[in-house]
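Okay, so here's the structure we're looking at.
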Amino acid sequence: MSGLKTVDVARRAGCSVQQVRNLERDGVLPPVARTASGYRVYAEVHVAAALAYRLLAAGSGPAEGRAIVRAAHGDVHRAPALLDAAHARLHAERTGLARAVEAARAISGEPIAEVRASDALTVSELAAALGVRASTLRHWEGEGLVTADRAGPRRARRYSPAQVRDARVVHQLRLAGYRIGPLRALVPELRRSPGELAAVLAAREAVLAARSRALLDGAAALSAVLAAGGDGTAGRATGRDEA
C-alpha cells in the first residue's frame, strides 16, 4: 500500500503525528515524495523507518536509534554494524547484572557483627577490595551513595563493616548498569531494607529483557527499511497527504 497520510504512519508505527514530522525533519525517515502541489506522500518504507526508530530507541536509547535508522538510508553495511554494537552493549549490561546478582546473594547473607575498630577499612583498602579507584569512592560519597567515618587529626576516611557493605552494594549496582542519578533515590531504601537488593536486581533484569525484545523487533523493522533501500518515492503520484 502507498499514498499514506501522516496520521496513517503515526498510527501504524505507534507514535504521534508530531513525532512523524520530527523524524522526517531529523532524517530518520527517508525523503518524502511530494505531489506537484506540494503534498507529502508517505509509503511503506516510512512506516518501517518510524517503527524501527521507536523500537530501537526503546532498546538502546533515542540517539542510537536515530543513528541506526539514518544509516539504513544510505549505508547498508553501517546500519547492521551499529545494531550489532547496540546488542553488544546490552550483552555487557547483562553480564554485569549476572555478576551483581551473584554478589548480592553473598552480600545479603553476610551478618554485620558488632563493629570493632580493627574491622574498619581505609579508603585505599576498600578501593583495592572493590577494584575501583579511591577517587571513585570519594565521588560516591559526594553523591550521597556511601558514607565514611573520619578519624584522627587528618580526618582520614574509615569504613565500618556496614559502610563497606553499602559500598559493595553500590559497586554491584553500578556493574548492573544503574546510573548515579537513579542510585541516589535507590540506595537510601536499600540501607533501610538490605534484603530488597535481590528485588531491585530482578526489576533491572526485567528492564533488560524488555530492551532485548525491543531490539529484536526493531531489527525486523530495520530489515524492511534496508530491503526498500531507504527510498521514499513509492507514493509519489497519489497526493493524499497534507503539505
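The values are calculated or read from the model by the stated rules, or taken from the named source; none is laboratory data. The structure displayed is predicted, hence computed values, not measured ones. Cβ coordinates were reconstructed from backbone atoms using ideal geometry, including for glycine residues, and neighbour counts include every protein chain displayed. Please note that ligands, DNA and RNA were not included when accessible areas were found on the heavy atoms of the full protein model with its side chains. Shrake-Rupley method; radii C 1.70, N 1.55, O 1.52, S 1.80 Å.
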Work out, step by step, the length gained on full extension between Glu102 and Glu205: first 0.36 nm times the residue separation, then minus their alpha carbon distance; give nm to one decimal. 35.8 nm
Calculating mean projected area of the Cα convex hull in nm² from this structure picks out, from (i) 14.0; (ii) 18.9; (iii) 16.2, entry (iii)
Of the accessible area of the chain, computed with a 1.4 Å probe and all protein chains kept, carbon and sulfur make up a percent value of 54
If you average 1/r across every pair of different Cα atoms in the range 1-106 and take the reciprocal, what Kirkwood value do you get, in Å? 15.3
Where only protein heavy atoms count, and the probe is 1.4 Å, what is the accessible area per residue for the chain in Å²? 51
Value of Rg to Rh for the range 30-82 (Rh from inverse mean 1/r over Cα pairs, i.e. Kirkwood): 1.07
Return, ordered by residue number, the residues of the range 153-178 whose backbone nitrogen is under 14 Å from a label point located 7 Å along Cα→Cβ of Arg138. 155-158
Can you tell me the FRET efficiency between Ala88 and Ser37 if r is taken as the Cβ-Cβ distance and R0 is 41 Å, rounded to the nearest 0.05? 0.30
When ranked by the protection proxy of mean other Cβ atoms within 10 Å per residue, highest first, what sequence do the peptides 67-73, 172-178 form? 67-73, 172-178
Please compute the modelled spin-label separation between Ala156 and Glu196, points set 7 Å along Cα→Cβ, answer in nm with one decimal. 3.6
Tell me the mean residue ellipticity at 222 nm calculated for the chain from its helices only (DSSP H runs of n ≥ 4, each -39500 (n - 2.57), averaged over every residue, nearest 500). -20500 deg cm²/dmol
How many angstrom lie between the Cα centre of the range 1-78 and the Cα centre of the range 177-204? 37
